[in-house]
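Report on the structure given below.
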Amino acid sequence: MISRSPASSQQLARETRERFVTATGGAIVPVANAVRERLVALATMTASVREMQQHRDDFLAFQSQGSNWAPLSQAAWRKALTGGASGGSTGGLRLELIGDEVVETNILSSRLAQAITDKASFELNDLRLRIQHLEGTTELDAKDVLKPEALARTLVDQWLAAGLSRESWNRVQEVVQQRLVDVVVQAYKDANAFLIERGVMPEIDLKSFVKRTGSANSGTAALGGSFARSSQVGTIPPGMSAGITLPPGSFAPAAIGVSAGRAGGDTLVATGGSPLVLARQRAQGVLLNLKRFVTARIGGDLGQMRVPGGHGPGAVGVSGGGGGGGGGPVGLAAPAFAAAIADAEQAYQAMASQYVVGDEATAIHQTAAELRRRTSELKKKAPTTADKATVEIVALMFQAILAEERIPFSARVWFARLQMPVLRVAIAEPEFFATLQHPARMLIDRMGSCVMGFDAAAISGSALEGEIRRVVQVIEQYPETGQRVFKLVFDEFVAFLNKYLTQSDATQRLMSVAQQVEQKETMAIQYTIELRKMLNDMPVREEIREFLFKIWAEVLAIAALRHGPQDEQTVTLKRAASDLVWAASAKPNRNDRARVIQDLPQLLQRLRQGMSLLGIEGEPQEAQIKTIGSTLSDAFLSKTEAIPQAKIEAMAKRLANLEDFVSDEGDATDLPLDAASIELLLGVDAASLEIVPDTGNKVGEDMVQWAHELQVGTWFMLDHNDRVSQVQFVWRSERKQLHLFASSDGRSFLIQVGRLASYLQAGLLVPAEEETLTVRATREALAKLDANPERLLN
C-alpha cells in the first residue's frame, strides 16, 4: 500500500468524489427523458376515469414544470460536493422535531436509496472503507455524496422544487430506479478501480475498518450499513416477522433515534410506522443491544479492542489493557489462534461425519457438548478479550441454533458445522455482529427459513439437504476468503431454491399458467395502446373503437400466446381489425359498398372465431355482432369522408408486426384472475389451485413493497376463507403481479399482488417465524449473557 501525506490523501478522496458526481450526474438527463416517456405512456393508457385524468395531469405538469427538474438536480448535485464531502459522523445525540412533509420526503428518497444499496452493497462498502482509510475517519458524513441517500434526496428535493408533486414521483420512481441504479453501481465500481490503481487498499482488511461510536450509552451507535433511526417509540405487531422479509442490502428507510431499555430490551425508536420497517428495526435493535453489552464488558466494541493492521483471524499480536476486562498483555501469537480454530473445525468435522439418523437426541447432545468443550479451549487461546468475547457469542448463537427443534436433525448437523467458519469470519470481520446484511447471516437465515417448514422425513435424503451439505462443504474448503465465500454460496443457494421449489410437474404447470395469464393481460394492455394510436386520427365510430379496445385487443393477446404472434391464425385475426375499421367507415363509392357486402360474411366469421377464443359465446356474442352490423349499415348511408385505403393498409401492416411496437414494461394491475379464466385460457384444470385475485381495495405502498420483498422459500401461515394453512412461498411472476404459495397438503394458492399486500396488512398472511434464525439466536445468546455476564470472558 502506497504511503501518502494527509494532504495527498484528502486530495485523492476529493477527486474520487468529483469523478463519482460527474459519472452519476450524467445519468440525470437520460433519467428525465425516461420519466417523460413513462408519463406519455401512462397518459395514453386505458384505465379508470380518475386514473386517466390523473395521468394526464401528471404529464401536463411535467411538460410545463418538469423541464426544470434535470438542470436543478444537476446543479444541486454538483453543489453537494461542497456540502458533505468529508469528515466523520457527528457522533453526538441530536434531537429535533421533524415536520410531516420532511418525513414524507425522507421516505420517498429512502426508497430510491434502498434500491441502490440493494444492488451495490459490496461495492459501496469497499469504497466506504477506502475513503475512510484515506481520510482517517470511522464513518462517512451523513450528507456525503458517496452515500446513496445523498443522490436520492437531491433528486426528490429538486422534483419538489420544480413544482411537481410527491404523488407523481411515486408513479415514476420505478423508472428512475431502473435507469439510475445500474449507473450508480458502475460509478461505485469505477471509483474503487480508480483508488486501487493508485494503491489504496488493493486488498481490504475489514477488521481495521469497523464503525465505532463514542460511548457505550450514547444511544448513537451505528451498526454496519445504513440503519434507520426514528422519532416514535414502537414495537413489532404480533405475528410480524423481524427478518424473513429482509432482502440483501436492505435497511430501514427512515432516520433513526435511540434504542431504550436494558441490554436485552426490545424497544426501538421508529418512524415509518409500517410493520416491515418496525420489524427490521426491532431485529437491528437486537444487534444494537448486543453491541452495548459487549462494549460495557470489555471497554470498547469488538473492532476497537483489536490492534489494527493484522491479517487473518485474530492477527492482532499483543493487546494492551483496557477498561472493563481488557486484561494485560497477551503473549499468544495470532497464527496460533488461527491454527487452533482450524484444528477445532477439523476435529468437529471428523466427529460429525460419524453421526447417523436414528438416535438424534444423543447425537445432538454429543454435538453440543463437543462444541462447548472446543469453545472453552479456544477462549483459553484467544489473544485478546475481544476474541474471547467473539468466541463466546458465536458459541451461544450456535447453541441456540443446535437446540432449534424445528430444524430437522439431518440439516441441523450441517448448520452446526458452520460454527467455526462463522467464528473465523466474525473475528476477521466484527461487522458480522453489526449488520443484518452480512452474507454469513443472510445464508444461515435463508437456509433456516426454508428448512423449518419441512418435517424430518421430507428433508432427509432430499436435494435440499444435499444442497445444504454442499454449501457447508464449500465454505469449509475456502477458510481464508472471509465473507466472499458466504456471498457466493448464498447466491447459489437462492438460485437452487428457485429451481427446487418449482421442480414438480404440477408446480411447473401452475407457473406456466400464471405467467401466461400475466403476459396475456400485459399484451392486451399494450395492444390497446397501439390500437388507440392507430385510430387516433381516423374517423371511426365509437362502437367500433370500444369493440377493438375492450375485446379485440384481448383476442389478439390470447391468440399470440396460444399460437404465436406470427402464426397464420393470429395474423388473420390482426387483419380482421383493419378490415373492420375499413368496413365501418363511410362508403360513398358504389364499388366499396359492393366489396363490403361480398367480404362481410367472412369478416363476421373471423370476429366470431376471435370472440369464441376469448370465451364470448351465445347471447353476448350475438349482441356484439348485432352492434357491429348496425354500425356497418350506417356506414352505407354516411356522407362523411371515407378513410383512405393507404391508411387502412398502413394500419394492417403495423398490426401484422404489432409486437415490434410494444415494450416489455406493460402494467398488469387489473388481471382477470379467476379459475374459469385460467381454464379457458390454457385448458388447465384449476381444481387444486386456489385463486385469490385483487378486490380493488387500496393498500399502502409500504405493504405492496413488503409483498415484493418476500423471499422464495419462506414459510407463512395463511388464513384464507376461515381455513389456516401453512404455506411456502415458491414463485413470483416476472412482473411481480402474481405470487404462488404451496401447502403441504398439495393445494396451491395463486395470489395477486394487491390481495397479497392486503393479507399482509390484515394479518391473514403472517410469517411462520417471527424472527430470522440468527436474530433469534443472537437474542437468546444475549439473554444468557445478560443473566450471566461473567461467562463472556471466563
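The values are calculated or read from the model by the stated rules, or taken from the named source; none is laboratory data. The structure presented is a predicted model; accordingly, all values stated were derived computationally and were not measured. Please note: Cβ atoms are built from the backbone with ideal geometry, for glycine as well, and neighbour counts cover all protein chains shown. These area figures cover heavy atoms from the full protein model, side chains too; ligands, DNA and RNA do not enter into them. Shrake-Rupley method; radii C 1.70, N 1.55, O 1.52, S 1.80 Å.
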What is the spin-label model distance, in nm, from V40 to A350 if the labels are put 7 Å beyond Cα along the C-beta direction? 7.2
Sites S630 and I196, calculated FRET efficiency, Cβ-Cβ separation with R0 45 Å, nearest 0.05: 0.05
May I ask you to compute the full-extension gain from A342 to S512, defined as 0.36 nm times their residue separation minus their alpha-carbon distance, rounded to one decimal in nm? 56.4 nm
For E690, enumerate residues with amide H under 5 Å from its amide H, sequence gap 5+ or separate chain, H modeled in the peptide plane. S748, F749, L750
PRE reach from D455 (point 7 Å along Cα→Cβ): which of region 400-432 fall under 17 Å by backbone N? 405-411
Reachable lysines from K587, criterion Cα separation under 27 angstrom, eight or more residues apart if same chain: K533, K550, K574, K626, K639, K647, K653
Tell me the relative contact order for region 381-437 as a rounded percent, counting alpha carbon contacts under 8 Å between residues six or more apart. 35
Averaged over every viewing direction, what's the projected area of the C-alpha convex hull for region 458-508? Give it in nm², one decimal, please. 3.8
Region 388-427 - Rg and Dmax from Cα coordinates, angstrom: 10.4, 31
Under-5 Å amide H pairs with W731, H placed in peptide plane, nonlocal only: L740
The extension gain from S376 to A61, computed as 0.36 nm times the residue separation minus the Cα-Cα distance, is 106.6 nm
In whole angstrom, note down how far apart the Cα centers of region 555-583 and region 762-776 are. 48
Shape descriptors of region 509-628 over alpha-carbon atoms, Rg and Dmax in angstrom, are 15.1, 54
Might you tell me the accessible area per residue for region 477-595, computed with a 1.4 Å probe and given in Å²? 45
Going 7 Å from the Cα of S504 toward and past its Cβ, which residues in region 450-470 have a backbone nitrogen under 13 Å from where you end up? 458
Label-point separation in nm, A594 to R532, each point 7 Å along Cα→Cβ: 4.1
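Report, to the nearest whole %, how much of the accessible area of region 447-569 belongs to carbon and sulfur atoms, 1.4 Å probe, protein only. Numbers along the way, then the final one.
Values: 2530 of 5290 Å².
Carbon and sulfur together cover 48 percent of it.
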Inter-part distance where region 702-742 and region 3-19 are each reduced to a Cα centre, Å: 48
With a Förster radius of 60 Å, plug the Cβ-Cβ distance of R575 and V474 into 1/(1 + (r/R0)^6) and report the FRET value to the nearest 0.05. 0.55
Rg in Å to one decimal, and Dmax rounded to a whole Å, for region 384-530 via C-alpha atoms: 19.7, 70
In the calculated pair distance distribution of region 1-60, what percentage of Cα-Cα distances lie above 19 Å? 58
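First measure r as the distance between the Cβ atoms of K189 and N697, then evaluate 1/(1 + (r/R0)^6) with R0 = 35 Å and state the FRET efficiency to the nearest 0.05. Walk me through the numbers on the way to the answer.
Details: r = 43 Å, r/R0 = 1.23.
Efficiency for this residue pair is about 0.25.
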Please list log₁₀ I(q)/I(0) at q = 0.15, 0.19 Å⁻¹ for region 743-784, using the Debye equation with identical point scatterers on the alpha-carbon positions. -0.60, -0.74
³J(HN,Hα), Karplus 6.51/-1.76/1.60, whole Hz, each residue of region 109-120, x for Gly, Pro: 5, 5, 5, 5, 4, 5, 4, 5, 4, 4, 8, 10
